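The values are calculated or read from the model by the stated rules, or taken from the named source; none is laboratory data. Quick caveat, the model's predicted, so the values are computed rather than measured. Here Cβ is always computed from backbone atoms with ideal geometry, including for glycine, and neighbour counts include all displayed protein chains. Ligands, DNA and RNA are excluded from the accessible area calculation, which covers all protein heavy atoms including side chains. Shrake-Rupley method; radii C 1.70, N 1.55, O 1.52, S 1.80 Å.
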Amino acid sequence: MKRWYYAILLIFLIVLLSSCGKKAPLEDLTLALILGIDLDEENNLVFYEINPVFSEGAKKGVESYEVKARTIRDSRRLFDALTTGEVTAGKIQVLLVGKRVLQHENWFPILDTVYRNPTFSMSTRVVTVDGPVSEVIFHHPTEKPQLSLHLKALIDKNYDRTRAVKGTLQELHREIYEKAMTPFISEVKIGKNIELTGISLLDDKGKYAQFLNVPESTLLLMLQNKKRREITLTIPVLQKEDEKNIFHKNVISFAAGRVKTKIKSGYKQNKFHFDIKVKMTINIVERLFPEEKLNKEQLAKEVEKEIKKQIDDLMKKIQKKNIDPIGLGLYARAYHYSQYKKVENNWGKALAESDVNVSVKIDINSNGAVEQ
């Protein structure tokens, strides 16, 4: 009996305590799901917000707003003047930042209130918009899910397939203040539909530095050892053929189930040296040329050569812009601390002057169920 008595008493206390405190009814709140930040033609800050509508008589399930304000916190006052309920930021799924904003140094302090507000979720995805943020905010196709759900799912799906980064507020904060690497976030643009285009690379001051398309983004994530699921790549492996051939018979596609990247660092002759070794086990899923052109060993060598070339090209882009999204500076700091400390405040330039050697080892596990 005593057990039942204590159980009933515990349930009573939980109900009593949970009912304490003032809670606003749902119909009196405006739940912001997307927050957007952009600059207009005169470089004035513009803020956007998307909120769900719970009214049965509403023709649309969401409402979109645009205001000009000096800060995010200041914009809330203006959003409150437009919405039917009190605006709350605790449910924001995606933070859209226009490329015009990122093209200015030291834009990051704009987000100060986001990190101070304990109700703001640190798992909110931060996404670059290539073009006006307004075009995304006011894009509501009837055949797609609600925009905040669609954008979040778009980022997460491509993150799982090693084509994008989640780029949460928490990760962005760490990368901005980490001297041994530079930040990167996913990028979208809008045409007929919203499309994930790749990754935005930022410099050590948060300024937009370089764009990587989806295949380049996959290579970057491979170098970071951040492969999630099976990676699929399509590459040319034979000498480039006549451009009039519309069927591209020099191309193969493969799925890499196992990818391992090892990075070793060194310091000599007053500069850093990095050896990057990539080992992949692949399955051929598409080959548009007959097997007699290349046997298994020859094909592996051709794939190794092409992947090495693509990684070398990626490294040239990174070094040219004095950035380090891979995090090679983390290796320099861990193994060559005294030399790293001398250049930590200008690590991007030090990496640009470093020697980076890339090697690729391919093991072909399968040619597919049907061999030609």
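Pairing residues of the stretch 169-183 that are within 11 Å of PRO325 (Cα to Cα) and of a type in the set (A, V, I, L, M, F, W, C) with residues that are assigned to a helix (DSSP H, G or I) and open to solvent by 70 Å² or more (accessible area, probe 1.4 Å), at Cβ distances under 7 Å and at least 6 apart in sequence or on separate chains, gives ALA180/ARG333.
Which of the residues spanning the stretch 310-347 are touching a strand residue (DSSP E or B) at 6+ places or on another chain (Cβ under 6 Å), open to solvent by less than 30 Å² (accessible area, probe 1.4 Å) and in a helix (DSSP H, G or I)? ILE311, MET315, LEU328, ALA332, listed by residue number. Look at the stretch 341-359: where a residue is under 11 Å from GLY329 (Cα atoms) and a partner is acidic (Asp, Glu), sitting 6+ places away or on another chain with Cβ atoms under 7 Å, you get TRP347/ASP324; GLY348/ASP203; GLY348/ASP204; GLY348/ASP324; LEU351/ASP324. Being hydrophobic (A, V, I, L, M, F, W, C) and more than 23 Å from LEU149 (Cα to Cα) is the filter here, so list the residues in the stretch 161-196 that pass it. ILE176, ALA180, MET181, listed by residue number.
Hey, can you tell me all the residues within the stretch 249-264 that are open to solvent by less than 30 Å² (accessible area, probe 1.4 Å) and not hydrophobic (A, V, I, L, M, F, W, C)? Break it down into steps so the answer makes sense when it comes.
From the stretch 249-264, those open to solvent by less than 30 Å² (accessible area, probe 1.4 Å) are 250-256, 259, 261, 263; that's our starting set.
Listed by number, the residues that qualify are ASN250, SER253, THR261.
Tell me which residues, restricted to the stretch 109-132, are assigned to a loop (DSSP other than H, G, I, E, B) and within 22 Å of LYS91 (Cβ to Cβ). Hits for the stretch 109-132 are ASN117, PRO118, THR119, PHE120, SER121, MET122, SER123, THR124. Scanning the stretch 279-307 for residues that are loosely packed, with under 14 Cβ neighbours inside 10 Å, more than 35 Å from the chain's Cα centre (by Cα) and either among the acidic types (Asp, Glu) or in a loop (DSSP other than H, G, I, E, B) (or both) turns up PRO290, GLU291, GLU292, ASN295, GLU297. Taken residue by residue, the stretch 88-108 has at least one member that is in a loop (DSSP other than H, G, I, E, B), open to solvent by 20 Å² or more (accessible area, probe 1.4 Å) and over 21 Å from VAL46 (Cβ atoms). May I ask you to say which residue of GLN310, GLN319 is touching a residue at least 60 places away in the same chain (Cβ under 8 Å) and in contact with a helix residue (DSSP H, G or I) (Cβ under 8 Å, 6 or more places away or on another chain)? Result: GLN310 is the single residue among GLN310, GLN319 that is touching a residue at least 60 places away in the same chain (Cβ under 8 Å) and in contact with a helix residue (DSSP H, G or I) (Cβ under 8 Å, 6 or more places away or on another chain).
The strands (runs of 3 or more DSSP E) found wholly in the stretch 165-278 and carrying at least 1 residues that are over 23 Å from ASN357 (Cα atoms) and at pLDDT 95 or above occupy 184-190, 194-202, 208-213. For the stretch 151-173, the tally of residues that are in contact with a Lys or Arg (Cβ under 9 Å, 6 or more places away or on another chain) and under 23 Å from VAL46 (Cα atoms) stands at 5. Only one of the numbered conditions (1) at pLDDT 85 or above; (2) open to solvent by 40 Å² or more (accessible area, probe 1.4 Å) is not met by ALA81, and that is (1).
Residues in the stretch 269-278 that are within 23 Å of PHE184 (Cα to Cα) and either open to solvent by 10 Å² or more (accessible area, probe 1.4 Å) or out of contact with any strand residue (DSSP E or B) (no Cβ under 7 Å at 6 or more places or on another chain) (or both): ASP275, LYS277.
Matching residues to (1) open to solvent by less than 10 Å² (accessible area, probe 1.4 Å); (2) in contact with a helix residue (DSSP H, G or I) (Cβ under 9 Å, 6 or more places away or on another chain); (3) polar (S, T, N, Q):
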residue	(1), (2), (3)
VAL127	yes, yes, no
ASP130	no, yes, no
SER148	yes, no, yes
LEU151	yes, yes, no
LYS166	no, yes, no
SER186	yes, yes, yes
LYS189	no, yes, no
LYS192	no, no, no
